[in-house]
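See below for the structure under consideration.
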Amino acid sequence: MRIGELATATGTTARALRHYEQAGLISSERASNGYRVYDERTVVRVRNIRHLLAAGLTLDDVRVFLPCLDGDVAGAPPSDQGLRVALERLAVLNQRIAAQTEARDRLEAALRRATDGANLPRSLTARLVT
């Protein structure tokens, strides 16, 4: 199948597929006209890649799952290495969330101090209360 057909079958874009290919997660052959041609099994692989990305993993993280991307990634028991990667990614995400929460709290406090007693439109002050 050509790249457009694969994109449609997997609910992604041709650009994303080229990115996955550049990252070494999928491969194609070239037709005589230069078009990329993918094996039908690539549909399962791309769906698994998208599932792992949607779960919060990065393309680098997904590389750990290469040996099982052609099977049922969502239903299969996780490997020790897969669990380790997922736990490491979760720790990174938790650190980012904590940092963003702290930044939001500092900004909110600064806005409260700056607007204390100010005659601001109700629509703006209501946002600070929530």
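The values are calculated or read from the model by the stated rules, or taken from the named source; none is laboratory data. Because the structure is predicted, anything quoted here is derived from the model rather than measured. FYI the Cβ positions are ideal-geometry reconstructions off the backbone, even for glycines, and counts take in every protein chain you see. Just so you know, the surface numbers come from the protein's heavy atoms only, side chains and all, with ligands and any DNA or RNA stripped out. Shrake-Rupley method; radii C 1.70, N 1.55, O 1.52, S 1.80 Å.
Per-structure values
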| item | result |
| --- | --- |
| Sequence-separation-based contact order of region 1-69, relative, with Cα cut under 8 Å and 6+ spacing, percent | 30 percent |
| Nearest-0.05 FRET efficiency for residue 59 and residue 80, computed from C-beta distance (R0 25 Å) | 0.75 |
| Ordering of 88-94, 16-22 by packing [mean C-beta count within 10 Å, highest first] | 16-22, 88-94 |
| Inverse of mean 1/r across different Cα pairs in region 1-62, Kirkwood, Å | 11.7 Å |
| Per residue accessible area in Å² of region 28-89, where ligands, DNA and RNA are left out and the probe is 1.4 Å | 64 Å² |
| Accessible-area composition of region 13-118, carbon plus sulfur, in percent [1.4 Å probe] | 53 percent |
| R0 of 22 Å, Cβ-Cβ distance residue 43-residue 15: FRET efficiency to nearest 0.05 | 0.80 |
| Mean separation of Cα contacts under 8 Å, 6 or more apart, over the residue count of the chain: relative contact order % | 17 percent |
| Rg(Cα)/(2.2 N^0.38 Å) for the chain, N = residue count | 1.60 |
